[in-house]
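Asker: Have a look at this one.
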Amino acid sequence: MDFQLSDDQRALRAGIRELLAGRFGRDRMRAALDAGTDVDRVVWGELGAAGFFALRLPEAEGGVGLGLPEAVLLFEEAGRVLLPGPLAATHLAAGAVKGAAEGGTVVAVLDEGRPVAHLGAADALIAVVGGEVRVLEGAALRALVRGAARPVRSLDPLTPLHRVTAPAALGDPLPGGGAARFRREGTLLSAAEQLGSAARTIEMAVQHARGREQFGSPIGAFQAVKHLCAQMLVRAELARAAVYAAAVTADPVEIAGAKLLADEAAVRNARDCLQVHGGMGFTWEADVHLHLKRAWLRAGQWLTAAEAEEALAADLC
Amino acid sequence: MTDLSCTPEEEEFRARLREWLGDVLPGLPAEPSPDDWPGRRAYDTAWQRMLYDAGYAGLHWPVDAGGRGATPTQHLIFLEETERAGAPYVGANFVGLLHAGPTIATEGTAGQRARWLPPVLRGDEIWCQGFSEPEAGSDLASLRTRAVRDGDHYVVSGQKIWTSHAEVADWCELLVRTDPAVPKHRGISWLAMRMDAPGVTVRPLRTLAGSTEFAEMFLDEVRVPVSHRVGAENDGWRVTMVTLSFERGTAFVGEVVACRRTLAALAAEARANGRWDDPVLRRTLGRLNAEFRALWRLTQWNVSEAQRAGAAGGVPGTGGSVFKLRYSQARQELYDAAAEVLGADGADLDREWVLDRLTSLSYTIAAGTSQIQQNIVAERILGLPKGR
């Protein structure tokens, strides 16, 4: 047993962190927010060139040949910087939908009964309906967007949403795609993004608590603030152990537990970070609301707390 | 996160251990009641002797201290398998095996190791811990028990409290103030004191669980040989930190496995008595499943980190604080859920889990309160400024 990152995994994480810092730093994120850009195709292409989407395709098929643990590290980094776009769907479609692996195609996902994120920017749509995974492109997709899709005013300004009614059995079956595996991996990658966000809001809270002075000392010297920050770390570290282990085992119950704990870590850490920021935290200028809104959104995607808890309860019997 | 599997050698170790447990456990006598301390001492030490004879005593201790020099992973397997098989808890051997023993192994002289370690491993001698005082709990370094040199002895006077197993212990790992003139952390020494020495009075304390699992201890001019001091005079604080890093490290590993077993039993009970149909309770049990699975993975993460660092059985104290904070809370929630499963029987002290619920109240207090652990996490891991 050696349940720690390998040197290669550390290098991979450092590499993607550096890439994202250069291509989607805070200024770029705020510019996208102001401009209302949800998917930046230049960034999307750069991610594709860096192997973000083709990471798990075999090398013989032009991929990088790595596994779920490495994918989880990339998605954790994407979650840290609030990278918008249907990252998981495009990653999962790589190799099956033309152009997805290279980052030339934006692939959104329709999970029956839930709003669809980034439908307007999508070149392809994967529909997970019952036990089937189908893919819509071109005319079929345009027809769906025109007919059955209605825009929703989204909670998260960087994630536009559509409600899609009557997801008829349109499109072709996705090659190699069983619905169960698709959902499992989407859930895990989403949990990894939540983990990244939870870790980032700790840094934001700690930085603020060290610099902001009240009553003649940094607020981080007060136990009330310290204990908020300590609990943030405890949540994130438990979620980290759960997410990383689920990436190694790919076990469905372990993935459900990872999503449950990562959702909790992302949402509650963002709330606590907002509290540590005081009045500043309630403003549009502070980034913390963006983390909270995205975390709330992801908590409702792929696997909700209620669904995860039922799956984990069923495992006890 | 490269590898969660075990090597062939580790799997072989696990298989041999399982086989041995399967052979010996059915023949064990019934466990004594929680209040029968002489009975529990006999039971716990007999089990330790069986472990010793089978070569499993002091598994993670260094070989030159009489241990087996096992890797942290092997130690983890040992704790996992013994708990899974329902083997006896470490019990009265706790302080000797997990505190005093490792401290003496790390900090003691050759003579001290030869005198004190083999009886711990064989189950011949029981240790208790004389750290806390009425005025020095979380602020342990402000302890007042004085030790004054008189020739080749220290003369010790003062009072200790929360001393688990004091009634049945042969030795006490005792923290005393040997220099009151210097800052509080610098004037402390670590002594091994015989519990039958003249001047030692033990008075049992009744816990809210109704039992007498710990005691207060009055020390009236107790003479302790200077040769029973482990580490340098006034260096006891550093020596103690060694002990505490063991306590916060692997001390709870077996208990996480035990919690997972309890959770499965709760689910079975709930299905049998119809409470499983309550979706709120069912989801609570599902959430606890996620908690204890993740706590087990966090343990494996910490142990792997320690193994990479080359540490023998311990894990960094700060990682231990993160673990203990969540674990102590989750274990209390586990027994609250048990009360829900039991329904009307939740008030029956003879039903399983009811006494455990009372006992679980100590987890957020013992071995450093949750509030102190949060300060440790905030200051030592997150780097927030020290408070006043």
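The values are calculated or read from the model by the stated rules, or taken from the named source; none is laboratory data. Since we're looking at a predicted model, the values are computed, not measured. For neighbour counting, all protein chains shown are included, and Cβ atoms are generated from backbone atoms with ideal geometry for every residue, glycine included. Heavy atoms of the whole protein, side chains included, go into the accessibility calculation; ligands, DNA and RNA do not. Shrake-Rupley method; radii C 1.70, N 1.55, O 1.52, S 1.80 Å.
Asker: Please give the number of the condition A:GLY176 fails out of (1) open to solvent by 20 Å² or more (accessible area, probe 1.4 Å); (2) assigned to a helix (DSSP H, G or I); (3) among the small types (Gly, Ala, Ser).
Answerer: Checking A:GLY176 against (1) open to solvent by 20 Å² or more (accessible area, probe 1.4 Å); (2) assigned to a helix (DSSP H, G or I); (3) among the small types (Gly, Ala, Ser), the one that fails is (2).
Asker: (1) in a helix (DSSP H, G or I); (2) open to solvent by 40 Å² or more (accessible area, probe 1.4 Å); (3) within 14 Å of another protein chain (Cβ to nearest Cβ): which one isn't true of B:ASP356, the others all being true?
Answerer: It fails just one condition, (3).
Asker: So for the range A:299-317 (the condition being at pLDDT 95 or above, surrounded by fewer than 19 Cβ atoms within 10 Å (Cβ to Cβ) and away from chain B (no Cβ under 14 Å)), does at least one residue qualify?
Answerer: yes
Asker: Here's another thing I want to ask about it. Please work out if A:VAL225 is within 11 Å of chain B (Cβ to nearest Cβ), over 24 Å from the mean Cα position of the chain (by Cα) and surrounded by 24 or more Cβ atoms within 10 Å (Cβ to Cβ).
Answerer: Spelling it out, A:VAL225 is indeed within 11 Å of chain B (Cβ to nearest Cβ), over 24 Å from the mean Cα position of the chain (by Cα) and surrounded by 24 or more Cβ atoms within 10 Å (Cβ to Cβ).
Asker: Could you grab me the full set of residues in the range A:208-222 that are facing chain B (nearest Cβ under 7 Å) and of a type in the set (A, V, I, L, M)?
Answerer: If the condition is that a residue be facing chain B (nearest Cβ under 7 Å) and of a type in the set (A, V, I, L, M), then A:ALA209, A:ALA221 are the ones that fit.
Asker: Pick from the range B:22-61 the residues that are assigned to a loop (DSSP other than H, G, I, E, B) and among the hydroxyl-bearing types (Ser, Thr, Tyr): which of them is least open to solvent (accessible area, probe 1.4 Å)?
Answerer: B:TYR56
Asker: Sticking with this structure for a sec: Report whether or not B:ILE126 is of a type in the set (A, V, I, L, M), touching a residue at least 24 places away in the same chain (Cβ under 8 Å), surrounded by fewer than 23 Cβ atoms within 10 Å (Cβ to Cβ) and over 16 Å from B:GLY231 (Cβ atoms).
Answerer: no
Asker: Taking A:GLU185 and the conditions (1) over 18 Å from B:VAL322 (Cα atoms); (2) within 14 Å of another protein chain (Cβ to nearest Cβ), which numbered condition does it fall short on, given that it satisfies the others?
Answerer: Exception for A:GLU185: condition (2).
Asker: In the range B:62-166, which strands (runs of 3 or more DSSP E) lie fully inside it and hold 1 or more residues that are more than 26 Å from B:ALA366 (Cβ to Cβ)?
Answerer: B:146-150, B:153-164
Asker: Something else about it: Filter the range B:296-308 for residues that are within 13 Å of B:VAL256 (Cβ to Cβ) and more than 7 Å from chain A (Cβ to nearest Cβ) and give the result.
Answerer: B:TRP296, B:THR299, B:ASN302, B:VAL303
Asker: Then there is this: Please tell me if A:ALA191 is in contact (Cβ under 8 Å) with a residue 12 or more places away in the chain, small (Gly, Ala, Ser), open to solvent by less than 30 Å² (accessible area, probe 1.4 Å) and out of contact with any His (no Cβ under 9 Å at 6 or more places or on another chain).
Answerer: Yes; evaluated as a whole, the condition is true for this residue.
Asker: Let me ask another. Output the residue which, of all residues in the range A:75-87 that are among the aliphatic types (A, V, I, L, M) and open to solvent by less than 10 Å² (accessible area, probe 1.4 Å), is nearest to A:ALA205 (Cα to Cα).
Answerer: A:LEU82
Asker: Within the range A:241-293, work out how many residues are among the polar types (S, T, N, Q) and either crowded, with 19+ Cβ neighbours inside 10 Å or within 13 Å of another protein chain (Cβ to nearest Cβ) (or both).
Answerer: Looking only at that region, the number is 2.
Asker: Sort through B:LEU175, B:LEU140 and tell me the only one that's crowded, with 21+ Cβ neighbours inside 10 Å and over 15 Å from the mean Cα position of the chain (by Cα).
Answerer: Being crowded, with 21+ Cβ neighbours inside 10 Å and over 15 Å from the mean Cα position of the chain (by Cα) holds for just one of B:LEU175, B:LEU140, which is B:LEU175.
Asker: Now for a separate question. Residues in the range B:1-47 that are charged (D, E, K, R) and away from chain A (no Cβ under 14 Å): how many?
Answerer: Of the residues in that region, 11 qualify.
Asker: Now for a different question. Can you spot a residue in the range B:305-315 that is within 30 Å of A:ILE219 (Cα to Cα) and not β-branched (Val, Ile, Thr)?
Answerer: No, every residue in the range B:305-315 fails to be within 30 Å of A:ILE219 (Cα to Cα) and not β-branched (Val, Ile, Thr).
Asker: Further, regarding this structure: Kindly indicate whether B:GLY368 is within 30 Å of A:PHE222 (Cα to Cα), of a type outside the set (Ser, Thr, Tyr), touching a residue at least 60 places away in the same chain (Cβ under 8 Å) and part of a loop (DSSP other than H, G, I, E, B).
Answerer: Criteria met by B:GLY368.
Asker: Now a separate question. Counting just the residues of the range A:1-35 that are small (Gly, Ala, Ser) and more than 14 Å from chain B (Cβ to nearest Cβ), which one comes out surrounded by the most Cβ atoms within 10 Å (Cβ to Cβ)?
Answerer: A:ALA32
Asker: So how many residues does the range B:62-97 have that are open to solvent by 20 Å² or more (accessible area, probe 1.4 Å) and either touching a Ser or Thr at 6+ places or on another chain (Cβ under 8 Å) or of a type in the set (Val, Ile, Thr) (or both)?
Answerer: 5
Asker: Can you find a residue that is within 13 Å of another protein chain (Cβ to nearest Cβ), charged (D, E, K, R) and open to solvent by 40 Å² or more (accessible area, probe 1.4 Å) anywhere in the range B:341-352?
Answerer: Checked against the condition, which is being within 13 Å of another protein chain (Cβ to nearest Cβ), charged (D, E, K, R) and open to solvent by 40 Å² or more (accessible area, probe 1.4 Å), the range B:341-352 yields no hits at all.
Asker: Restricted to the range A:194-210, and to residues that are open to solvent by 60 Å² or more (accessible area, probe 1.4 Å) and over 19 Å from the mean Cα position of the chain (by Cα), which residue is farthest from A:TRP296 (Cα to Cα)?
Answerer: Here the answer is A:ARG210.
Asker: Tell me whether the range B:268-276 contains one or more residues that are touching a Lys or Arg at 6+ places or on another chain (Cβ under 6 Å) and away from chain A (no Cβ under 12 Å).
Answerer: Checked the range B:268-276: no residue is touching a Lys or Arg at 6+ places or on another chain (Cβ under 6 Å) and away from chain A (no Cβ under 12 Å).
Asker: Does the range B:100-115 contain at least one residue that is surrounded by fewer than 24 Cβ atoms within 10 Å (Cβ to Cβ), of a type in the set (Lys, Arg), farther than 22 Å from B:LEU295 by Cβ and at pLDDT 95 or above?
Answerer: Yes, some residue in the range B:100-115 is surrounded by fewer than 24 Cβ atoms within 10 Å (Cβ to Cβ), of a type in the set (Lys, Arg), farther than 22 Å from B:LEU295 by Cβ and at pLDDT 95 or above.
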